[in-house]
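Reading through the structure tokens given below for one structure.
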Amino acid sequence: MQGEECLRGEATGHLASIDAAVVNLDLPDSAGVATLERLLRVAPLLPILVVCDPANEETARLAVRQGAQDYLFNTHANNSLLPKTLGCMIERARIAAALCREAERTRTTLESIGDAVIGTDKAGNITYLNAVAERLTGWSRDEAVGLPLPQVFRVIDAATREVA
């Protein structure tokens, strides 16, 4: 309970500056994966390392599938492996957050452009349309994604009026 208050910033009256959490699912007062789920509800973006007994590896794998970043056997949580694992987790989380911020900036830019923007993959299938492209083509983004570009946007030669 104190850990949750700290993550919410209630203990100090301001937001907590916690880089990661280590959760031992084998402790007597732990409820296994339910403990992880409670922690994720409070701090969904916090990198979490699960520590457990090697006999509980399946629970640790389940924890990773449900949101923990990694797991480590308590028999391997020594003075060199634990800090290294935590450091790598924190760095991955920092990079992922930076990528999310950059993706959001890109989305905002593409939506703000006054020209139609249509993105495609290597095969020429649509991956993105901005609002101007939606109005120009008459297709919504959801309808167009995955379709071949010529199906959604036909380029007509201005001089010959033929499909280019």
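Can you list residues from other chains, or at least 5 along the same chain, whose modelled amide H is less than 5 Å from the amide H of Val22?
Result for Val22 returns Leu49.
With a 1.4 Å probe and all protein chains in place, put Arg92, Arg141, Arg135 in order of accessible area, largest first.
In descending accessible area the options line up as Arg135, Arg92, Arg141.
Show that you can apply the helix-only estimate: for the chain, add -39,500 (n - 2.57) for every DSSP H stretch of four or more residues, divide by all residues, and state [θ] at 222 nm to the nearest 500.
Mean residue ellipticity at 222 nm (helix-derived): -13000 deg cm²/dmol.
At a threshold of 8 angstrom on Cα-Cα distance, excluding pairs fewer than six apart, so keeping six or more, what relative contact order does the chain reach in percent?
Answer for the chain is 12 percent.
List the residues whose amide H sits under 5 Å from the amide H of Gly119, counting only those 5 or more places along or on another chain, with H placed 1.01 Å from N in the peptide plane.
Amide H to amide H, under 5 Å and 5 or more residues apart or across chains, Gly119 pairs with Thr127, Tyr128, Leu129.
When only C-alpha pairs under 8 Å and at least 6 residues apart count, what is the relative contact order of segment 85-164, in percent?
With pairs under 8 Å counted, the relative contact order is 18 percent.
Work out from phi, with θ = phi - 60° and the Karplus expression 6.51 cos²θ - 1.76 cosθ + 1.60, the ³J(HN,Hα) of each residue of segment 81-92, listed in order in whole Hz, and give x for Gly and Pro.
These are the phi-based 3J(HN,Hα) values: 6, 4, x, 5, 4, 4, x, 5, 4, 5, 5, 4 Hz.
To the nearest 10 Å², what's Leu99's accessible area with a 1.4 Å probe?
My reading of the accessible area for Leu99 is about 110 Å².
Highest GNM mean-square fluctuation, the chain, Cα pairs closer than 10 Å: which of Ala144, Ala97, Ala123?
Per the Cα network of the chain with a 10 Å cutoff, Ala123 tops the list.
For the chain, find the longest principal axis of its Cα atoms and tell me its angle to the long axis of helix 33-42, 0 to 90°, nearest 10.
Helix 33-42 and the main axis of the chain meet at about 60 degrees.
So how much accessible area does Ser80 have, in Å² to the nearest 10, using a 1.4 Å probe?
80 Å²
Just checking my list [x] -0.58, -1.05, -1.21, -1.29; [y] -0.41, -1.20, -1.48, -1.60; [z] -0.67, -1.05, -1.20, -1.28 against log10 I(q)/I(0) by the Debye sum over Cα atoms at q = 0.11, 0.18, 0.20, 0.21 Å⁻¹ computed from this structure; which label fits?
Only one listed value fits the structure, namely [z].
The values are calculated or read from the model by the stated rules, or taken from the named source; none is laboratory data. Just so it is clear, the model here is predicted, and its values are computed rather than measured. When the accessible area is computed, the model is the full protein with side chains, heavy atoms only, and any ligands, DNA or RNA have been set aside. Shrake-Rupley method; radii C 1.70, N 1.55, O 1.52, S 1.80 Å.
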